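Engineer: Mind looking over this structure? Questions follow.
The values are calculated or read from the model by the stated rules, or taken from the named source; none is laboratory data. Source: prediction; values computed, not measured. In this analysis, Cβ positions are derived from the backbone assuming ideal geometry, glycine residues included, and neighbour counts consider all displayed protein chains.
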Amino acid sequence: MGTRIDVCLKCEKEAQIAARGLCYGCYREEERANVAAPRDRHSGALRRDHDKLFTAHTEMMRAMRRGGVNREDVRKILGIMQPYWQPIAAFLRDSVPVSEQKENLFTVHK
Ligand SMILES: [Zn+2]
């Protein structure tokens, strides 16, 4: 209900969250990507767990940001946490070492 401002999991900006921890722009992008390449997993059953993970991930990212954790430590922490995010890893591909991954993994943005 209502509008929710949070840190987008993908572009890492504080913005109005559409769903799954993504801002409207990124959410629409994901939707388009999902339509283009639908997953054959039983997504209904997985969704609830995903939501929990997204929330946890968002909160973790925000906590690190607000705590002033530097890039290198963020990367280490994310490295440790990585197995836990496995179910939603596909959605997070752009959010980990943003500066390094952008070019080769993602060409949707211009
Ligand atoms: Zn976004």
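Engineer: So residue 40 ticks every box in (1) within 16 Å of the ligand (Cβ to nearest atom); (2) at pLDDT below 80; (3) not polar (S, T, N, Q) but one. Which box is left unticked?
Structural biologist: Failed condition: (1).
Engineer: Just for the range 5-22: of the residues that are assigned to a strand (DSSP E or B) and more than 14 Å from residue 88 (Cα to Cα), which one is farthest from the ligand (Cβ to nearest atom)? Step through it out loud before you land on a result.
Structural biologist: Step one: of the range 5-22, the residues assigned to a strand (DSSP E or B) are 5-7, 14-19, 22.
Filter once more, so that each one left must be more than 14 Å from residue 88 (Cα to Cα): 5-7, 14-18.
Numbers: 5: 12, 6: 10, 7: 9, 14: 10, 15: 6, 16: 10, 17: 9, 18: 9 Å.
So, considering only residues that are assigned to a strand (DSSP E or B) and more than 14 Å from residue 88 (Cα to Cα), the one farthest from the ligand (Cβ to nearest atom) is 5.
Engineer: Which of the residues belonging to the range 68-94 are acidic (Asp, Glu), in contact (Cβ under 8 Å) with a residue 40 or more places away in the chain and surrounded by fewer than 15 Cβ atoms within 10 Å (Cβ to Cβ)?
Structural biologist: The first filter runs over the range 68-94 and keeps only residues acidic (Asp, Glu), leaving 72-73, 94.
Narrowing further to those that are in contact (Cβ under 8 Å) with a residue 40 or more places away in the chain: 94.
Result: no residue meets the conditions.
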